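The values are calculated or read from the model by the stated rules, or taken from the named source; none is laboratory data. What you see is a predicted model; the values in this text were computed from it and never measured. Note that we place each Cβ from the backbone using ideal geometry, even for glycine, and neighbour counts take in every protein chain shown.
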Amino acid sequence: MPKTATVNLQDKLKYYQSSDRWKNELHSKSAKFPIAEHLNGRFVDERFPFAVKIEKKFPLHFIIPEPDSATELSLPLISNGEFPDSIALNRLLLFDLETTGLAGGAGTYPFVQGFGYFEDGQLHIIRYFLMDYGQDFQVYHDMQQVFSQKDVLVSYNGKSYDLPLLRNRFVLNRLENPLTNFLHFDLLHSVRRIWKHTIPNCSLGRVEKDIFRFERIGDIDGAEIPHAYFDFLKTGFSEKIERILEHNQLDIITMARLLFYLHELETGQASAEVSETELLALFRLTIKNDDLERSRQLIETCRIGNTEIPLSLWKDYSLLLRRRRYWEEAVAIWNGFLKSGKEILFASEELAKYYEHRIGDCRLAAAYCERALKYLEISDELGGDGRGVLTEIRDAFLYRLKRLERKTGLSGSR
């Protein structure tokens, strides 16, 4: 695939200088209000005051309680295996865009580009604010320096929205895309893995309220942001622009906090008490990722904290034990189901398979099939309709039983 054609910055600036439109409008907005100074920023290029760059630093203790130990993050489970190895903090680049709409595509214009990175025990935040349409070449040219030392992007729902927009702007400005070889950790997917059943819509605002017990005061609503920018284009300044930039900065800070909190959950180092939801979600992820050692640790944590593990997770855990050939533990769980009268069909099937294929005791395997069939018969008498899924289950047990009877030379009663 050929590389994107590049344009020299000086050539681009000459193009602006040769245009009567830009000569007439160059200082129109900045003349109405000293916006760069007001926003505590500076113009990316003083000759063309269309883009403001604002930089701010926050000590890490503003983000996490014990910043001295923070050098890398471990997220193999919560990232669903996307990041099996630890990630050094100096590789990360957090980003968030504020745009003219939510539809995406070429008609959606990102007018605030916010970035955060970790350096010298601080979170550095850079925000670019574009004062007009189509004047972003200098921003994306300057932005390349931000990307030069990083290789892992961190966003919140950026894979499906922010990142494609960012890539498109590099293409439209005929600049080589510096993001080609970046890895991308989208925090939204991890949040859904842990809190999808307890946090409505998993928005970043709800994450702040429900996890960090923090609520923004005076924050601009996301739906207002495009309208506020359009007002700015008409008037030359809007007090809502400051609120938009503050909103963007808070999004990046929350993403940083969330990164560290997910790391603490993953590694069992959370300073606050881990909720039942979080424990069970982690347990589910350990099973999905075949992490038997961590699964056992979480079972013990649940036991100590009197957290009840649902039957569905015990079933999944028993299958993990089966995959890893820890037969004694798996059989104990299946027998526990039968003793408690729960998951009779699942436990009977697993025990029948175990005694037939692992132990070679086909008579005992047949006994478990007969037990399951008796359970199905009683279920029908108590009101089951005997059709659909139950019929398929019954047929499967009958087929297994007949095969076992042929193996053992028994004559079936059914």
*Does E273 fit the bill of being outside any loop (DSSP other than H, G, I, E, B), surrounded by fewer than 19 Cβ atoms within 10 Å (Cβ to Cβ) and among the acidic types (D, E)?*
no
_Cβ contacts < 6 Å: first residue free of Cβ contacts under 8 Å to residues at least 24 places away in the same chain, restricted to the stretch 78-93; second residue assigned to a loop (DSSP other than H, G, I, E, B), any location; separation 6+ or different chain. Result?_
P84/P76; S86/S74
*Would you mind stating whether R294 is more than 25 Å from L94 (Cα to Cα), surrounded by 18 or more Cβ atoms within 10 Å (Cβ to Cβ), among the charged types (D, E, K, R) and touching a Phe, Trp or Tyr at 6+ places or on another chain (Cβ under 9 Å)?*
yes
*Options D380, D395; residue that is of a type outside the set (K, R), assigned to a helix (DSSP H, G or I), out of contact with any helix residue (DSSP H, G or I) (no Cβ under 9 Å at 6 or more places or on another chain) and surrounded by fewer than 15 Cβ atoms within 10 Å (Cβ to Cβ)*: D395
_With the structure loaded, tell me whether S312 is surrounded by fewer than 16 Cβ atoms within 10 Å (Cβ to Cβ), hydroxyl-bearing (S, T, Y), in a helix (DSSP H, G or I) and assigned by TED's automatic domain parsing to the domain that holds A365 or whether it fails that test._
yes
*If you go through the stretch 145-166 one residue at a time, how many are modelled with pLDDT under 90 and assigned to a helix (DSSP H, G or I)?*
5
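For the stretch 110-138, give me the residue count where each residue is of a type outside the set (D, E, K, R) and part of a loop (DSSP other than H, G, I, E, B).
5
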